[in-house]
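Following: one structure in structure tokens, then a few remarks.
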Amino acid sequence: MATKTVLITGSNSGIGKAAAILFSQRGWNVAATMRNVDAAADLKNLNGVRLYRLDVTDQASVTEAFRDVTRDFGGIDVVVNNAGYGLAGVFEEISDEALQRQFATNVLGLMRVTREAITYMRTRGAGTIVQISSMGGRMTFPLYAPYHATKWAVEGFSESLHYELKDLNIRLKLIEPGLIKTDFAGRSAEMVLPTKASVYDPFVKKFSAAAAKALKDAVDPGVVARVIVDASSDNSNKLRYPVGNPAPVLLRLRKVLSDNAFFGMIRKAYGI
């Protein structure tokens, strides 16, 4: 059986890097893509892994990466849309420019890569597209309104798209991680704190303390990587894969509780 090939965006750290490593260990060809290929030079030493520059905000970069990967590996069986970051903070203080950057990467970038993937997979008659969403694509936390907006967009986009891809034999998967030990709270995050209105200060202080405590229970990105690899080989029509504490439990609660009950639970958890 021919070796399968996966293309992963945002492979230089966190979930993307963990997935690249695990796919390699499972015997896949791995096209590890990122904006700066020097950021993960150690991946070059893994079996079957090649690095490619891909900026999801640049269509030419996306087109060139798909062309090069296809040339080198002969085709693409799975695309993992992992590139993204979190814009959070007091919404009143978040600029249009910051919002545009968030949507350009998390939504339009994902859509751009998805469209390119469909073009390749349709001509081959098969394929799987794995979208890295979040438990925050179906529920929300305080101070993450812009980020949640992008992940809710990814969820709605992907759920609708899966209907038109079914007859093309292209499977669509949504991975919904919970709290993961990545640099999401560092390099992959942008937090806008209040400067104009001190009325927000107590709210931000309470949230920050509770969030720091919650992150102590975050799981390793390898946990998500295992679900990504398994979903990539899953021939079922299953769409959503919650993974990592507390995603499975919270998403079930969000489904069965009333708005008031769920919102009250979140407020109590953050002391707000």
TODO: For segment 75-203, divide the Cα radius of gyration by the Kirkwood radius and give the resulting Rg/Rh value with two decimals.
DONE: 1.05
Task: Given charges at beta-carbon only (K, R positive; D, E negative), |dipole| of the chain in Debye - done: 680 debye
TODO: Report the calculated FRET efficiency for Asn45 and Val219 (r = Cβ-Cβ distance, R0 = 30 Å), to the nearest 0.05.
DONE: 0.70
TODO: List every residue whose amide H lies under 5 Å from the amide H of Ile180, counting only residues 5 or more places away in sequence or on a different chain, with H placed 1.01 Å from N in the peptide plane.
DONE: Val219
Task: Vicinal HN-Hα couplings computed from phi for segment 149-161 (Karplus, 6.51 cos²θ - 1.76 cosθ + 1.60; Hz; Gly/Pro x) - done: 4, 6, 6, 5, 5, 4, 5, x, 4, 6, 4, 5, 5
TODO: Compute from the Cα atoms of segment 39-151 the Rg and the Dmax, the latter being the longest Cα-Cα distance, and quote both in angstrom.
DONE: 16.2, 49
Task: FRET efficiency estimate (nearest 0.05) - Cβ-Cβ, Lys268 to Ala197, R0 30 angstrom - done: 0.75
Open item on the list: Which residue fluctuates most in the GNM of the chain (Cα springs below 10 Å): Leu110, Leu257, Leu179?
Closed with: Leu257
- [ ] Could you run the Karplus curve 6.51 cos²θ - 1.76 cosθ + 1.60 with θ = phi - 60° over segment 55-72 and give me ³J(HN,Hα) per residue in whole Hz, x for Gly and Pro?
- [x] 10, 5, 8, 10, 4, 4, 5, 5, 4, 5, 5, 4, 4, 5, 5, 5, 4, 7
Task: Candidates Lys151, Lys173, Lys44, ranked by Gaussian network fluctuation over the chain, Cα under 10 Å, top entry - done: Lys44
Open item on the list: Compute the orientation-averaged projected area for the chain from the convex hull of its Cα atoms and round it to one decimal in nm².
Closed with: 14.6 nm²
- [ ] Between Lys216, Lys196, Lys255, find the one with the highest GNM mean-square fluctuation for the chain; connect C-alpha pairs within less than 10 Å.
- [x] Lys196
Task: Protection-proxy order for peptides 51-59, 65-73, each taking the mean of Cβ atoms within 10 Å per residue, highest first - done: 51-59, 65-73
Open item on the list: Sort Leu251, Leu87, Leu7 by Cβ crowding within 10 Å, fewest neighbours at the top.
Closed with: Leu251, Leu87, Leu7
Task: Part-to-part distance (alpha-carbon centres) for segment 137-183 and segment 19-60, which is given in Å - done: 22 Å
- [ ] Quick one: what are the phi-derived ³J(HN,Hα) couplings along segment 217-232, Karplus 6.51/-1.76/1.60 with θ = phi - 60°, whole Hz, x for glycine and proline?
- [x] 9, 5, 9, 5, x, x, 5, 5, 4, 5, 5, 4, 5, 5, 5, 5
TODO: Calculate for the chain the 222 nm mean residue ellipticity that helices alone would give, adding -39,500 (n - 2.57) per DSSP H run of length 4 or more and normalising by residue count, nearest 500 deg cm²/dmol.
DONE: -14000 deg cm²/dmol
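All of the numbers you see were taken from the coordinates with simple rules; none came from a lab. Predicted, not measured: the structure shown is a model, and the values here were computed from it. Here Cβ is always computed from backbone atoms with ideal geometry, including for glycine, and neighbour counts include all displayed protein chains.
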